[in-house]
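Working notes, beginning with the structure itself.
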Amino acid sequence: MNVFQHLDELKDSDGVGNDAKGLSKEFQNLGWNSHFVTRLPRKAEKLNSVTYHNCYSELSLTKDDIHILHYGGEGYPLEHFQALPGKKILRFHNITPASFYKNTTTPEIYNSMERFESMSYLEIASLAIICDAVWCCSSYNEHIIEGYDFENVTTVPICKTYLSSESEPKKKDDGSICFIGRFSPQKKWEDLIDFFSIWARTHTDAKLYCVGSVIGAFDGYFDLLLKKVSDLNLEEKVLFLQGLSDEEVLQVLSKSNAFVSMSEHEGFCLPILEAFGMELPVFAFEQGAIASTMREGGIRFHSKKHEALAKKINDCLTDPIQRLTLIQDQKKVLEYYNQFPWQKTISKLVAGL
């Protein structure tokens, strides 16, 4: 059997890329032929035993093929996907609402994001007509598309194996915290910086490690973050880290004392599970897919009262029993993801098409 995964670009650093690579490995384990079909060429090293195609190239296809479209908004040429023979699956990764860009970018960018959101949901409606199934990566994403007439809707997590430390890494107990994500408005980095300004009053040696990347359209938002850091006199304490390798990201996690998320829109939030794997206590604002991704692990909060949150985090970090219980619960969640029965699940889903 040939399985073709369609996506705009196959990257290593984001949830879509990790998911596509993980699924490809499971397809090969099942004895299926794995293909990637992309609009943009892969910049990183190509994976072994996988065939790469450009979406505008001629493909030798049959009605027995499986086609999976990884979707997070418009960009991939749908007319190409719609015309393909074989079974079609939508892998839905969520669409960021344009409202997050209203007061954080220029009017032109906000208007562009509004058009992007509208066009994306129009495409979702058309995909409901041609797709044989939808695989959502979280129950939150399943809820987003429940108003459309898709058949065979199911939720399966991002397909990834997470590193799990055998014992907690030794680190300085300086109160440093971190978060990982794009420097885009829905991640609410400004709220994290405000929280850190409170946290740093009692943790004078702490650093805030901001690990991410800047998309060109959001340069203005990143400039606002830099200005906030300057206004709060935190230039030596708030570190913006870009272009890190996977190993370097793990090093940042290993020298942090807590992972804190203020993000208000997550379709899955893979970095939370990476923090679980490094036995790093995780505290996250409960929005989007946060609850379903964290399951019984970590601590979720429902309001951004920074002083109360600082006390909650400090109490957890300084109470050995509370902290150990939190770490153990997070490891149990990570075991759920690392032991997920991918081959059995995929075989059953494909057989039901």
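The values are calculated or read from the model by the stated rules, or taken from the named source; none is laboratory data. Every value quoted in this text rests on a predicted model; they were computed, and no experiment measured them. Counting neighbours? That spans all protein chains shown, and the Cβs are built from the backbone with ideal geometry, glycine included.
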Checklist entry - In the stretch 285-323, what count of residues is obtained for those that are touching a helix residue (DSSP H, G or I) at 6+ places or on another chain (Cβ under 9 Å), part of a helix (DSSP H, G or I) and of a type in the set (Gly, Ala, Ser)? => result 3
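Residues checked against (1) under 20 Å from the mean Cα position of the chain (by Cα); (2) in contact (Cβ under 8 Å) with a residue 60 or more places away in the chain:
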| site | (1), (2) |
| --- | --- |
| Ile68 | yes, yes |
| Gly72 | yes, yes |
| Ala83 | no, no |
| His93 | yes, yes |
| Asn103 | no, no |
| Pro107 | no, no |
| Ser120 | yes, no |
| Cys137 | yes, yes |
| Asn141 | yes, yes |
Item to check | Criterion violated by Ser230 - all others in (1) modelled with pLDDT of 95 or more; (2) hydroxyl-bearing (Ser, Thr, Tyr); (3) buried (at least 17 other Cβ atoms within 10 Å of the Cβ) satisfied | outcome: (3)
Item to check | Top-ranked residue in the stretch 206-223 [being modelled with pLDDT of 95 or more and touching a Ser or Thr at 6+ places or on another chain (Cβ under 8 Å); ranked as farthest from Glu108 (Cα to Cα)] | outcome: Ala206
Checklist entry - Restricting attention to the stretch 92-124, which residues are β-branched (Val, Ile, Thr) and closer than 25 Å to Gly17 by Cα? => result Ile95, Thr96, Ile124
Item to check | Residues of the stretch 250-270 classified as in a loop (DSSP other than H, G, I, E, B) and either modelled with pLDDT under 95 or touching a Ser or Thr at 6+ places or on another chain (Cβ under 9 Å) (or both), total | outcome: 8
Checklist outcome for this item: When the stretch 173-226 is checked residue by residue, the ones that are part of a loop (DSSP other than H, G, I, E, B) and either more than 20 Å from the chain's Cα centre (by Cα) or aromatic (Phe, Trp, Tyr) (or both) are Asp173, Asp174, Gly175, Ser176, Phe183, His203, Thr204, Asp205, Ala206, Lys207
Checklist entry - For Ser120, all conditions in the list (1) under 14 Å from Phe92 (Cβ atoms); (2) crowded, with 21+ Cβ neighbours inside 10 Å hold save one; what is the number of the exception? => result (2)
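Quick check, is Phe196 within 23 Å of His93 (Cβ to Cβ), crowded, with 22+ Cβ neighbours inside 10 Å, at pLDDT 95 or above and in contact with a strand residue (DSSP E or B) (Cβ under 8 Å, 6 or more places away or on another chain)?
Criteria not met by Phe196.
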Checklist outcome for this item: (1) touching a strand residue (DSSP E or B) at 6+ places or on another chain (Cβ under 6 Å); (2) farther than 29 Å from Gly212 by Cα all hold for Lys63 apart from (1)
Next on the checklist: Looking at the stretch 37-62 only, could you name the residues that are surrounded by 15 or more Cβ atoms within 10 Å (Cβ to Cβ) and in contact with a helix residue (DSSP H, G or I) (Cβ under 7 Å, 6 or more places away or on another chain)?
Outcome noted: Leu47, Val50, Cys55
Checklist entry - Can you tell me how many residues in the stretch 168-202 are more than 30 Å from Tyr101 (Cα to Cα), in the same structural domain as Ala258 (by TED's automatic domain parsing) and without any contact (Cβ under 8 Å) to a residue 60 or more places away in the chain? => result 1
Checklist outcome for this item: Within the stretch 38-87, the residues that are modelled with pLDDT of 95 or more, within 18 Å of Asp14 (Cβ to Cβ) and among the aliphatic types (A, V, I, L, M) are Ile68, Leu69
Checklist entry - Of (1) crowded, with 21+ Cβ neighbours inside 10 Å; (2) hydroxyl-bearing (Ser, Thr, Tyr); (3) more than 14 Å from the chain's Cα centre (by Cα), Ser263 satisfies all except one. Which? => result (3)
Next on the checklist: Suppose the filter is among the hydrophobic types (A, V, I, L, M, F, W, C), at pLDDT 95 or above and more than 17 Å from the chain's Cα centre (by Cα); does Leu273 pass it?
Outcome noted: no
Item to check | Condition check for Ser256: in contact (Cβ under 8 Å) with a residue 24 or more places away in the chain, buried (at least 23 other Cβ atoms within 10 Å of the Cβ) and among the hydroxyl-bearing types (Ser, Thr, Tyr) | outcome: yes
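Listed residues His93, His67, His80; which is touching a Leu at 6+ places or on another chain (Cβ under 9 Å) and surrounded by 14 or more Cβ atoms within 10 Å (Cβ to Cβ)?
His67
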